[in-house]
Amino acid sequence: MTFNKDSRFDSSNVRRRRPSSGGSGSGGNRGGSGLGILALFSLLGRRGGIGGIIVVVVVLFILNALGVPIGQFFGGMFSAMSGDSSYSEEDFQCTGAEANASTDCRIEGASVSLEQFWPVAAEELGIDDYSHPSIYLYTGQTSSACGTASNAIGPFYCPADASIYIDVEFFDMLVSDYGAAGGPLAEMYVVAHEWGHHVQQVAGILSSANTQDEGPSGGAVRTELQADCFAGAWMRDATTAVGEGGEPLLQEFTRSDIEQTISAAQAIGDDHIQEQAGMEVDPERFTHGTSEQRTTWLLRGYEQGVTSCNTFTVSDSEL
Ligand SMILES: [Zn+2]
């Protein structure tokens, strides 16, 4: 996948976040509560946590349960929430040439394209109060209203601050640890998947009761597969996005782009992740769907658009 190198674009929703020098405050309040009682969402979620919204909270709950003084343990990670200056944030602009060369700019480009796609798609879904999420790019760790973001957890969406957190190094891990083929569109798929969770939040889906139920046809799997389908639906229209001067942002996707994206979806299927971890495949602990399901729903969105993403109404066998 290639950006048109002369395109220029800027998403005000994407910011780089870095620790300020000397900024290490003390622990503070943890946000994102209300997602508790999820302890068993667990280590599997953490390993496979491409976007487990809840995963961060779960890890914190586990640590809490183990008696780890969380704030102290992570050293100031929550301090940015309380408004001090532990982190500096930078809005940035990119050209297509830069997006072809760097992950940060690729995510910026994905965001610009998603910003153009979702207002229309949300209307198609009957969502009338749609607004964009923020995206924070960081390396190492940073704070969110749902707890600490780190590359051990993977990209995730935090409903409490309507923000997506992405450690850009995660994309290397997707290849090295999960066996994905890599590739720029695969990275943008991950962004689009998290954006899908934001749409679910705006639509009131995330706050419904069962979105954390584990199991092969549970609410968690249905939530994740819908986010994959939403990502696919965006891919279907992504290349219509334009830059600041109305120029096309992206060239048409190639077969290899699509294959790389499928490879990413397969790499983060629950069955594959359990196997990678040396565990026996246990459908009762599924939270994101199998490799095959993730591929199926990604392609369904890609071929049929957002209104086909009805993971909550199909029967177990159709999931
Ligand atoms: Zn997800």
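Coordinate-derived values only; no laboratory data. Because the structure is a prediction, the values reported are computed rather than measured. Positions of Cβ are generated from backbone atoms using ideal geometry, with glycine treated the same way; all protein chains shown enter the neighbour counts.
Some points to look at:
- Qualifying residue in segment 228-242 (condition: outside any helix (DSSP H, G or I) and touching a Lys or Arg at 6+ places or on another chain (Cβ under 8 Å)): no
- All told, residue 263 meets the bar of being under 17 Å from residue 186 (Cα atoms), of a type in the set (Ser, Thr, Tyr), within 19 Å of the chain's Cα centre (by Cα) and not in a loop (DSSP other than H, G, I, E, B).
- Residue among 160, 152 that is of a type in the set (A, V, I, L, M) and either part of a loop (DSSP other than H, G, I, E, B) or within 15 Å of the ligand (Cβ to nearest atom) (or both): 152
- From the options 244, 252, 169, residue that is farther than 30 Å from residue 18 by Cβ, surrounded by fewer than 23 Cβ atoms within 10 Å (Cβ to Cβ) and more than 12 Å from the ligand (Cβ to nearest atom): 252
- Qualifying residue in segment 219-232 (condition: within 16 Å of the ligand (Cβ to nearest atom), basic (Lys, Arg) and in contact (Cβ under 8 Å) with a residue 24 or more places away in the chain): yes
- The condition of being within 16 Å of the ligand (Cβ to nearest atom) and under 24 Å from residue 276 (Cβ atoms) does not hold for residue 185.
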